[in-house]
Amino acid sequence: MIRLNKMTDYAVVVLSHMASNSTGNCATKGAAEGAAVTTAVQMAQDSGVPLPSVSKLLKQLAKAGILSSHRGAGGGYRLDRPAAEISVAQIVTALEGPIALTACIDGADTSCGSMPQCAMSGNWNQVNQAIQSALDGVSLADMMPRPFAFAPPSKSLKQDIKKHLQHSDNTTETQIERAP
């Protein structure tokens, strides 16, 4: 089974919360455009991810250039670029290293002792490239929770509904008498 580790999953959750909490359009705001600065404590509270994990993730993601860190009073972390420009592949690579399904793919840092006589040698590249392309094609903005499909009702709509309900509630019913 191909599965991302828990920390990578947490990273997507934390980054999604950071993008959602940014000022303005979360999918298009980056550090240069005033994305919100968030502390590890705030992120842990907002996302439900344990604080030690959040702290570790923020440092790794900053080292990878996905986040930028800001020291001092009012410091913290923020997205280094807009969420729409951060791919899931970049997040995975930042936390787990290069995407490589087997040891015999092009560019892998390890090799298999059976590689010279293996009929599969190099054939995994196609599968690996497909997975890499799929992860490159999904941005952090795509992973963010979607807002509700319906906007909350306006104050005037609520008043109209209340007025209509009160009017119908006050209408007397016609009594029908039965014949003896």
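The values are calculated or read from the model by the stated rules, or taken from the named source; none is laboratory data. On a predicted model such as this, the values are computed, not experimentally measured, just so you know. Positions of Cβ are generated from backbone atoms using ideal geometry, with glycine treated the same way; all protein chains shown enter the neighbour counts.
For Leu95, are the conditions met, namely being at pLDDT 65 or above and either surrounded by 15 or more Cβ atoms within 10 Å (Cβ to Cβ) or closer than 30 Å to Ala19 by Cβ (or both)? It is true that Leu95 is at pLDDT 65 or above and either surrounded by 15 or more Cβ atoms within 10 Å (Cβ to Cβ) or closer than 30 Å to Ala19 by Cβ (or both).
Residue-wise test of (1) closer than 19 Å to Ile91 by Cβ; (2) exposed (fewer than 10 other Cβ atoms within 10 Å of the Cβ); (3) at pLDDT 75 or above.
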residue: Asp109; (1), (2), (3): no, yes, no
residue: Gly113; (1), (2), (3): no, yes, no
residue: Trp124; (1), (2), (3): no, no, yes
residue: Val138; (1), (2), (3): yes, no, yes
residue: Pro147; (1), (2), (3): no, yes, no
residue: Phe150; (1), (2), (3): no, yes, no
residue: Thr174; (1), (2), (3): no, yes, no
residue: Glu177; (1), (2), (3): no, yes, no
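Checking each residue in segment 55-80 for being in a helix (DSSP H, G or I), of a type in the set (A, V, I, L, M, F, W, C) and either modelled with pLDDT under 95 or surrounded by fewer than 20 Cβ atoms within 10 Å (Cβ to Cβ) (or both) picks out only Ala62. Would you be able to tell me the number of residues in segment 1-51 that are surrounded by 19 or more Cβ atoms within 10 Å (Cβ to Cβ), among the hydrophobic types (A, V, I, L, M, F, W, C) and at pLDDT below 85? Within segment 1-51, residues that are surrounded by 19 or more Cβ atoms within 10 Å (Cβ to Cβ), among the hydrophobic types (A, V, I, L, M, F, W, C) and at pLDDT below 85 number 2.
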